[in-house]
Each structure stands twice: as C-alpha cells, then as structure tokens.
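To keep things clear, I will list the structure first and then write my remarks on it.
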Amino acid sequence: MNRVDPHVLPETSAMALRAALDGVRHAIDTARTVALATLADAAQGRIRQYSGTNAVMTSGLGTAVIVQESRGDRTTLKIHVSPAAYERIRKHLEEECFHDHACDCEQDPWPALDALPREEQVVICHLDGEERGSATRSPFGRGDVALELDDESVFKAAEVLRIALALAPHERADETRETPPA
C-alpha cells in the first residue's frame, strides 16, 4: 500500500517557496549592487568585485562596503574628508534631542572639529550612546579627517560622499603647468 505522509509539504508548494526565496535572494543581490552604484556615483568612484559576492566601492575619498546582514540599505564608509567637509557632514547627520533636560541622550555624540585631538581616534555616537563610527584628525596643520561610519543608511552615506566630494581640495582644471625653459 502506497501511503502519502500528510505532514510532508506538497512538491508544488515546495517548488513555489524555493522560487520565491530565490527571488528574494536575487532582489537583495540587486539592491546591494544598486546601492554600491549609487555610492560610486556620489563619490565619482567605481565598484570592485572580490571573491564572489563581496564588492566594495572605491574612490579618491575612500571606500564603502555594504553591511552583510543588510538588504543593501546599510553601508560602512571609510573616507578621508577635509576639515570643512567634516563639519558640514557632522551638522548634516546631527540628531536632535526632543527630550527634556533630564533625558539620557549623549551630550556630545559627535565632536566638533576643534574638539578632535590630533592623531587620536574619537568615537562618534548616536544620541542613545550607540556607536556610529569614529573620526581621527591628521597630525599636521589643516589636514584631513579620517571618518568611519558603521552601519549607516546608504541614502545618508551617499549624501555624506556628495558633501565630501564637493568640499574636497581640488586643483583648478584651467591651471596648466608650463614646461620650464630648457
């Protein structure tokens, strides 16, 4: 006698579920690729593929990697920005506390440029005290700031990259160097 186990998932349902899960996996892969392309566009960078599905966006500013556990909507940025860009980014991403004076929010979650000691990594936090990243000021003069933002929204990261690129020191394109006389 051929009995069918009533607890076994029917083959048609199993196939439909596998197809749906494959579709989700492909959609997440696509979202990650589009997110990196968005970041590359914002930073005038490029995408580099490493070992299968691992990819990184590289540019003159630094790198961005999509957080593995995300659906393609979170990234880690490691960039070098000018002092002016650091301040603009800090103000752009600054969170506001809408609590009263007795709240538990961090008082200085993201230090101003003047408060950053030279060559010392300073932790950047969200208002709730959760680590957001770090900043390290260069040891000399008005040098750049190494800025790392962990698990940041891709949308916010693209804005950060646009700010950093707009305020990056550039050589003027219309200045041509003359060849010294022989």
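The values are calculated or read from the model by the stated rules, or taken from the named source; none is laboratory data. This one's a predicted model, so the numbers in the text were calculated from it and none came from an experiment. Every residue, glycine as well, gets a Cβ built from its backbone with ideal geometry; the counts of neighbours run over all protein chains shown. To get the accessible areas, we keep the full protein, side chains included, count just its heavy atoms, and leave off ligands, DNA and RNA. Shrake-Rupley method; radii C 1.70, N 1.55, O 1.52, S 1.80 Å.
In the chain, carbon and sulfur make up what percent of the accessible area (probe 1.4 Å)? Before the final figure, lay out the partial values.
Numbers: 6620 of 12530 Å².
Within the chain, the accessible surface is 53 percent carbon and sulfur.
For the chain, give me the percentage of DSSP beta bridges that are antiparallel, rounded to the nearest 5 percent. List each step's numbers first, then the result.
Details: 29 of 30 bridges.
Around 95 percent of the beta bridges assigned by DSSP in the chain are antiparallel ones.
Can you list the GluC sites (Glu not before Pro) in the range 128-160 that are in a DSSP coil and have 12 or fewer other beta carbons within 10 angstrom? Show your work: numbers first, answer last.
Details: sites: Glu130, Glu131, Glu148, Glu152, Glu159; in loops: Glu130.
In loop regions of the range 128-160 (DSSP not H, G, I, E or B), the sparsely surrounded GluC sites (Glu not before Pro) are Glu130.
Please give me, ordered by residue number, the GluC sites (Glu not before Pro) of the range 1-91 that lie in loop per DSSP and have at most 11 other Cβ atoms within 10 Å. Show your work: numbers first, answer last.
Numbers: sites: Glu11, Glu69, Glu87; in loops: Glu69.
Hits after loop and neighbour filter: Glu69.
Which is the longest stretch in the chain that no exposed loop site breaks, taking sites as trypsin sites (Lys or Arg not before Pro) with a DSSP loop state and at most 15 other Cβ atoms within 10 Å?
Working: sites that count: Arg3, Arg71, Arg142, Arg172, Arg177.
Free of exposed loop sites, the longest segment is 72-141.
If you average the sequence gap of Cα pairs under 8 Å that are 6 or more apart and divide by the length of the chain, what percent do you get for the contact order?
Numbers: 267 pairs, mean separation 37.0, N = 182.
The value is 20 percent.
Work out the FRET efficiency for Ile28 and Thr58 from their Cβ-Cβ distance, taking R0 = 30 Å, and round it to the nearest 0.05. Intermediate values should be presented prior to the final figure.
On the way: r = 22 Å, r/R0 = 0.74.
Given R0 = 30 Å and the Cβ-Cβ separation, E is 0.85.
Can you tell me the length gained on complete extension of the stretch Ala115 to Ala37, counting 0.36 nm per residue apart and subtracting the Cα distance? Provide the component values of the computation, followed by the final result.
On the way: separation 78, 0.36 × 78 = 28.08 nm, distance 3.43 nm.
Gain in length upon complete extension: 24.6 nm.
Quick one: if the Förster radius is 30 Å, what FRET efficiency do Arg142 and Gln49 give, using the C-beta to C-beta distance and rounding to 0.05? Walk me through the numbers on the way to the answer.
On the way: r = 36 Å, r/R0 = 1.21.
Once rounded, the FRET efficiency stands at 0.25.
May I ask you to compute the full-extension gain from Asp128 to Glu69, defined as 0.36 nm times their residue separation minus their alpha-carbon distance, rounded to one decimal in nm? It would help to have the intermediate numbers written out before the result.
On the way: separation 59, 0.36 × 59 = 21.24 nm, distance 2.18 nm.
Result for the pair: 19.1 nm of gain on full extension.
Any idea what the dipole of the chain comes to, in debye rounded to 20, about its Cα centre with Lys/Arg Cβ at +1 and Asp/Glu Cβ at -1?
On the way: 20 positive and 31 negative charges, 183 e Å.
The calculated dipole for the chain is roughly 880 debye.
Which FRET efficiency value, to the nearest 0.05, is calculated for Ser153 and Gln107 with the Förster distance at 22 angstrom and r the Cβ-Cβ distance? List each step's numbers first, then the result.
Details: r = 24 Å, r/R0 = 1.08.
Here the calculated transfer efficiency is 0.40.
Out of residues 5 or more away from Arg132 or on other chains, whose amide H comes under 5 Å of its own, with H placed 1.01 Å from N in the peptide plane?
Sorted by chain and number, the residues that satisfy this are Ile124, Cys125, His126.
With a cap of 11 neighbouring Cβ atoms within 10 Å, and only residues DSSP puts in a loop, list the chymotrypsin sites (Phe, Trp or Tyr not before Pro) found in the range 38-124. The partial results should precede the final answer.
Numbers: sites: Tyr50, Tyr86, Phe98; in loops: Phe98.
Here the chymotrypsin sites (Phe, Trp or Tyr not before Pro) that fit, given the DSSP loop and packing criteria, are Phe98.
Non-local amide H neighbours of Val67 (under 5 Å, H modeled in plane, Pro and chain starts lacking H): which ones?
So Val67 has HN proximity to Arg74, Thr75, Thr76.
For the chain, what is the per residue volume of the convex hull drawn over the alpha-carbon atoms, in cubic angstrom? Spell out each step's value before the answer.
Working: hull volume 41.6 nm³, N = 182.
Per residue, the Cα convex hull of the chain comes to 229 Å³.
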